Amino acid sequence: MRPSSMRIISMMLLLVAITSNNIKQALSFVVRTQMTTTASTTTRLQSSVLDPNAAPVETKGERQLPKIIQGGMGVRISSWKLAREVSKRGELGVISGTAMDVVFVRTLQDGDPEGHFRRALATFPNQQMVERALDKYFIPEGKAANKPYRSLPLWTINPPRHLEEAAILGNYCEVWLAKHNDDGSPTGGVIGINRLTKVALPTIHSLYGAMLGGVDYVVMGAGIPAKIPGVLDALAEGKDCSLPIDVSGASSEEDEAYAMDFSPRNFWKGSGTSDVARTPLERPLFLPIVSSTTLAQSLLKRSNGSGPTRGIDGFVIELHTAGGHNAPPRGFHFEPEQAKGLNELGEPMYGEKDMVDIEAFGKVAKGLPFWFAGSYGKKEKLCEVLEGGGNGIQVGTLFALADESGMDSKVKQEILAEIATGHELKVFTDPAASPTGFPFKVLDVEGIPTLADKEVYDARPRVCNLGYLRQPYLQDNGEVGYRCASEPVNDFIAKGGDAKSTVGRKCLCNALCADAGFPQVRLVTNKETGEKDVFTEPSLITTGDDVNLCKELIRQEEDGTWHYTAGDVVDYLLSEWELKSSIAKQIEAESVEAVHI
């Protein structure tokens, strides 16, 4: 907008304010946004506690809170490149911490293109650990496309040492890369990591690796993360910590006995770098993702962190239109043979009780900052939240299709082309897809063979070879076993599972790895010929309901490709707020001038 036009609008608004004898109301937008976008917190802009050459920074003071949180999506969709670009714009860039151990070892087996992981590994405080990982997984020229990746063992309550190291190294690298420019200099940006509460077994190791890399925020949903604040407090001080693990079939007394334990001192003991365990780490801010005021109030009462808010530093309120896993509707329980609680499309039905009012949430937040998510990826929605007393929005889908995201480039191009050429894509809330039992958003795009296609789903031989969503259960012999509703049906039944629970379940672990360009390859027996065929794991694409919104950002290059950048998303989301803010500030200045006339 031209300055002259903006001035005319400003004067018109000023006249309205003056004639209504309510100048304070005309200026309230500026006041509200100033109050809700800053907070006195511990500054976490250091490059890493492990970097002795990092420039000194103040540790206390007032820091601008982000207006935009870029959502942590899938497996590596929220890549370090995406998070870095968002953070360099002054907003919160978030990496996905899901399956980073697998992403780490598969990237090495692909030859670590451009050498980014090796660049980060060179800064890790224990090079013996780095060498072990490189010796085991790094393939300089990259593995052949028709050859399988070398696998990690599956997580259990007692993981092997090299699995712990892979998780810590992978999360360290992803955070370090997000916080540094290509020349190794710190960006000064703020980076978060997203974790799923349901994926509990690798959580402590993932958080520890991220904290070693200097992560600033932890954002966590898909469950009730009441014990995470205590884990963060302990890791920051180098103390032993424990995360309770839900074991199906265990009594309440027995359940307390099952936990994932981690000791920084024991981990570094004998490594030659035991001083790392004694070096305090910056404790990242913790933002649980909630879907109701009730859950927020519960976490403020039940969480085990320190301080008056029990280690909680803010909230993300995510509604059911967001991508990935959704909280189920109030009172909903999916039964495959029944249509109860489903609409005519077979989706869970949400109602007024599943919505959250911005101002009402502010009253229960105890003064903590909060951001709204789930179809809030619109420029007017940012203004709506700021004016309602919130701090901003979390946005996923718009960023998922940006150039810098980790989504497989061919898949991304297909989606962008469909939207750009006028096709209205549909998102289905699948009540059965996820083994967790949570509803899961699924995008079906013609031309992309995914598990959303019944033929593709039926043709896939079931296997559970990653196991992040396995449910621990108590076996008859008193030992803990692990089962997943998307594993082979007979295996699941043999472990005491109900066959009904396997209906429609999809292997999200393999599918989401495929989304990011890391599909596993395996040999399967052809039922007709008896020969071994190469089978490549298919994708399952997840986005929010508002996926078509990106149409106004998409542009086509001369070579015919479609794209937009993370910067384009930030510019779009801030555009209306910046315009309103600019007008309001002009009104403020001109009202003062008018009073003096």
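What to note about this one:
- Across the options G504, S291, Y457, the greatest Cα extent toward the positive end of the charge dipole of the chain (unit charges at beta carbon of Lys, Arg, Asp, Glu) belongs to S291.
- For the stretch 179-222, there are no residues whose amide N sits under 16 Å from a probe point set 7 Å from the Cα of K269 along the beta carbon direction.
- Surface composition of the stretch 201-243: carbon plus sulfur atoms contribute 52% of the solvent-accessible area (1.4 Å probe, protein chains only, all chains present).
- Fraction of accessible area attributable to carbon and sulfur, the stretch 435-584 (%, probe 1.4 Å): 48
- Of all lysines in the structure, the ones whose alpha carbon falls short of 21 Å from that of K495, not counting any fewer than 8 places away in one chain, are K198, K506.
- Pairwise label distance in nanometres, I157 with R555, each label 7 Å out on the Cα-Cβ vector: 5.6
- Neighbour cut-off at most 11 other Cβ (10 Å), DSSP loop, GluC sites (Glu not before Pro), the stretch 509-584: E528, E531, E557, E558
- Loop-located GluC sites (Glu not before Pro) across the stretch 422-519 with a Cβ neighbour count of 13 or fewer within 10 Å are E424, E446, E479, with loop assigned by DSSP.
- Here the extension length gained between K527 and N548 equals 3.5 nm, from 0.36 nm per residue of separation less the Cα-Cα distance.
- Per residue accessible area of the stretch 479-565, 1.4 Å probe, in Å²: 47
- R0 of 30 Å, Cβ-Cβ distance Y258-V364: FRET efficiency to nearest 0.05: 0.40
- Taking all protein chains together, V524, V395 sort by accessible area into V524, V395, largest first [probe 1.4 Å].
- With DNA, RNA and ligands ignored, accessible area of T565 (1.4 Å probe; Å², nearest 10): 30
- DSSP-defined antiparallel bridges as percent of all bridges, the chain, nearest 5: 50
- Shape index of the stretch 165-263: Rg/Rh, with Rg the Cα radius of gyration and Rh the Kirkwood radius from the inverse mean 1/r over Cα pairs, equals 1.04.
- Solvent-accessible surface ranking, highest first, for D357, D216 at 1.4 angstrom: D357, D216
- Shown here for the stretch 227-314: GluC sites (Glu not before Pro) in loop regions (DSSP other than H, G, I, E, B) with at most 15 other Cβ atoms within 10 Å, namely E237, E256.
- Kirkwood Rh, angstrom, the chain [1 / mean 1/r, Cα pairs]: 25.3
- Note on S582 and R132: their simple-model spin labels are 5.6 nm apart, each label 7 Å out from Cα toward Cβ.
- Stretching the chain fully between N304 and A144 yields a gain of 52.8 nm (0.36 nm per residue, less the alpha carbon separation).
- For the stretch 428-493, with +1 on Lys and Arg beta carbons and -1 on Asp and Glu, the positive-most of G447, A433, G467 along the dipole: G467
- What the Cβ-Cβ distance of S248 and E593 gives, at R0 = 56 Å and to the nearest 0.05, is a FRET efficiency of 0.20.
- Per residue, the solvent-accessible area of the stretch 142-213 (1.4 Å probe, heavy atoms of protein chains only, all protein chains present) comes to 29 Å².
- The residues of the stretch 314-451 expose, per residue, 41 Å² of accessible area to a 1.4 Å probe.
The values are calculated or read from the model by the stated rules, or taken from the named source; none is laboratory data. Values in this document were obtained by computation on a predicted structure and should not be read as measured data. Here Cβ is always computed from backbone atoms with ideal geometry, including for glycine, and neighbour counts include all displayed protein chains. Accessible surface is based on the protein model in full, side chains and every heavy atom, while ligands, DNA and RNA are left aside. Shrake-Rupley method; radii C 1.70, N 1.55, O 1.52, S 1.80 Å.
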